[in-house]
């Protein structure tokens, strides 16, 4: 690896292929994985994506020793191997981001399958006295979770360190998709699978919205990328320069989950893809899929919301027979956290009561988890903001005369239906990195209205399925894959 990164010129492309999936994507040889890739593997359905991140972290660590930073252009897990395309930049300043783009994962592999990431360092964007922006590189606060899983109570295991940045460069993928339109099917017989894999990889970015466009990629806005080259005949040809990804960018939502696995934990029927995506999007969350696993769901919803959706699926659609979930299992730990519908007096709880319970829970968590006064104030302000009181005092009126503490404003759609926002995002969530407490970043699941809108789920999937593609081709040809060893005397 060291010799390979040193042989690449500044801005050059390095293609790395790893065929030992039994090492980087398996939990059978953790000592071998650490020896080869400098990290521990991930146990679970996400093992292949974690393997890609282990490979990228190994490349980044090798390149950093020589003042080189990496930029993943395309990272794919295909069949039994992994292949990553990485662009190298000779920039000692960008090497400083490497620690902040590395993470470890607390994985509940023996329980419910949830995970929690922990950054090794923090890259903070600041503004200097002269008004110019700069980055400060410091230590990350830890741990990001409790010793046991906060959802089912089982023990968690460590994975990593691994790459915490994005796996792909979307412009690079779109350029390849543009070139596939004119590719000869006889020269490239697997062009259908190439298009399916690249389209799925492009959809992994939740910011892409409705999926990849089939139109030509617009020219980048940067000056270096918009230059044109003049050939000998005096004609201008567009530049093929791929714009640089922000070196400080992190992947905000790594990994995915399998609906069949989470439903298996609570011994219920698997929730349909349309119902699951409809419930997520009704709450305001986005969803996509991963190229590494068929049937996967990538989303920006936290695990507390995912498990609340599963519990509501059991309560509303597919009840579980009493006694089917045994004591001491992960499913029992999940179902014990059922939604509270009654207060101390035995009466049905209303919206105000739910907000009060949420505020009590967050304040108690802040008192137990804070180590400084400023941290305690920050958490309490965030808790007040989530229940509608913001940073002003209780009952204080704003400039427009409305009283703080009232319900958040409602929006009206084109049909005249009033919709209540499902989640409020605190400015602490976007701007502050001082605390990563689950109570600070995640909403109270008890206050969410979960609706399994199958029609909405179909609309979301239709945005990603504008064209029929070969996304997960398990057997490229007949009799493909490992076979029995030929016998000596047999025919």
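All of the numbers you see were taken from the coordinates with simple rules; none came from a lab. Given the structure is predicted, the values throughout are model-derived calculations rather than measurements. Neighbour counts are summed over all protein chains in view; Cβ atoms, including those assigned to glycine, are modelled from backbone coordinates with ideal geometry.
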| query | Between residue 139 and residue 472, what FRET efficiency comes out of the Förster formula 1/(1 + (r/R0)^6) with R0 = 30 Å and r the beta carbon distance, rounded to 0.05? | reply | 0.15
| request: Obtain the nm distance between the two label points defined at residue 364 and residue 465 by a simple spin-label model: each point lies 7 Å from its Cα along the Cα-to-C-beta direction. | output: 4.5
| task | Take 257, 42 and order them by how many other Cβ atoms sit within 10 Å, fewest up front. | result | 257, 42
| query | Arranged from highest to lowest average of other beta-carbon atoms within 10 Å per residue, in what order do the peptides 271-280, 199-208 appear? | reply | 271-280, 199-208
| message | Need one number: nm distance between label points at residue 261 and residue 190, each 7 Å from Cα along Cα→Cβ, rounded to one decimal. | response | 2.5
| Tell me, what is the FRET efficiency for residue 272 and residue 175 to the nearest 0.05, using R0 = 30 angstrom and their Cβ-Cβ distance as r? | 0.25
| field | Label-point separation in nm, residue 3 to residue 248, each point 7 Å along Cα→Cβ | value | 3.8
| said: Checking the a/c ratio against 1.5 first, then a/b against b/c, what shape does the Cα gyration tensor give for region 1-96? | reply: prolate
| query | Mind ordering 122-133, 107-118, 319-330, 243-254 by average Cβ neighbours within 10 Å, highest first? | reply | 107-118, 243-254, 319-330, 122-133
| task | Would you please classify the overall shape of region 2-208 from the alpha carbon gyration tensor, given that a ≥ b ≥ c denote the square roots of the eigenvalues, rounded means a/c under 1.5, and beyond that prolate means a/b larger than b/c while oblate covers the rest? | result | oblate
| said: Could you work out how much longer the chain between residue 458 and residue 318 gets when fully extended? Use 0.36 nm per residue separation minus the Cα distance between them, nm to one decimal. | reply: 48.3 nm
| query | How do 166-177, 447-458 rank on mean C-beta neighbours within 10 Å, highest first? | reply | 166-177, 447-458
| message | Could you tell me the calculated FRET efficiency between residue 90 and residue 35, based on Cβ-Cβ distance and R0 = 22 angstrom, to the nearest 0.05? | response | 0.20
